[in-house]
Amino acid sequence: MPNVFEMAIRFVNLLVTVLTTAIFLRAIFSWFVPPGSDNVIMKFLRDVTEPVLSPLRRVLPTMGMLDLSPFVAMILLQVMGNIVTQTLLPLAR
């Protein structure tokens, strides 16, 4: 039976994977779906990812039409997920 730390590691890994995938899909779909459209998938992806991307957009410098916040968010999510996992791993054993 997994202990609470193993379950926390699994939860963090799942959360990082889901958020990273949602951010990636939003970035890809933004090339094909016009802004402001009522597409249900884009609305869902926007609702899920905006709390992560919005603070980064305020901090990152603008580069014309290029939005680097999805790229930076995916890297930060991976790094923070690895830090949390490595911190909890000794406690799970």
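The values are calculated or read from the model by the stated rules, or taken from the named source; none is laboratory data. Please read all numbers here as calculations on a predicted model, not as lab measurements. Here the Cβ is made from the backbone with ideal geometry for all residues, glycine too, and neighbour counts use every protein chain on show.
Summary of computed values
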| quantity | calculated |
| --- | --- |
| Residues of region 11-28 that turn out to be exposed (fewer than 14 other Cβ atoms within 10 Å of the Cβ) and not hydroxyl-bearing (Ser, Thr, Tyr), as a count | 5 |
| Test for Leu45: is it closer than 30 Å to Pro2 by Cβ and part of a helix (DSSP H, G or I) | no |
| Residue match in region 84-93 (condition: assigned to a loop (DSSP other than H, G, I, E, B), free of Cβ contacts under 8 Å to residues at least 40 places away in the same chain, surrounded by fewer than 16 Cβ atoms within 10 Å (Cβ to Cβ) and of a type in the set (Lys, Arg)) | yes |
| Test: residue in region 68-83 that is modelled with pLDDT of 90 or more, in contact with a Lys or Arg (Cβ under 6 Å, 6 or more places away or on another chain) and in a helix (DSSP H, G or I) | yes |
| Candidates Pro51, Pro55, filtered to the one that is without any contact (Cβ under 8 Å) to a residue 12 or more places away in the chain, under 15 Å from Leu76 (Cβ atoms), surrounded by 12 or more Cβ atoms within 10 Å (Cβ to Cβ) and not polar (S, T, N, Q) | Pro55 |
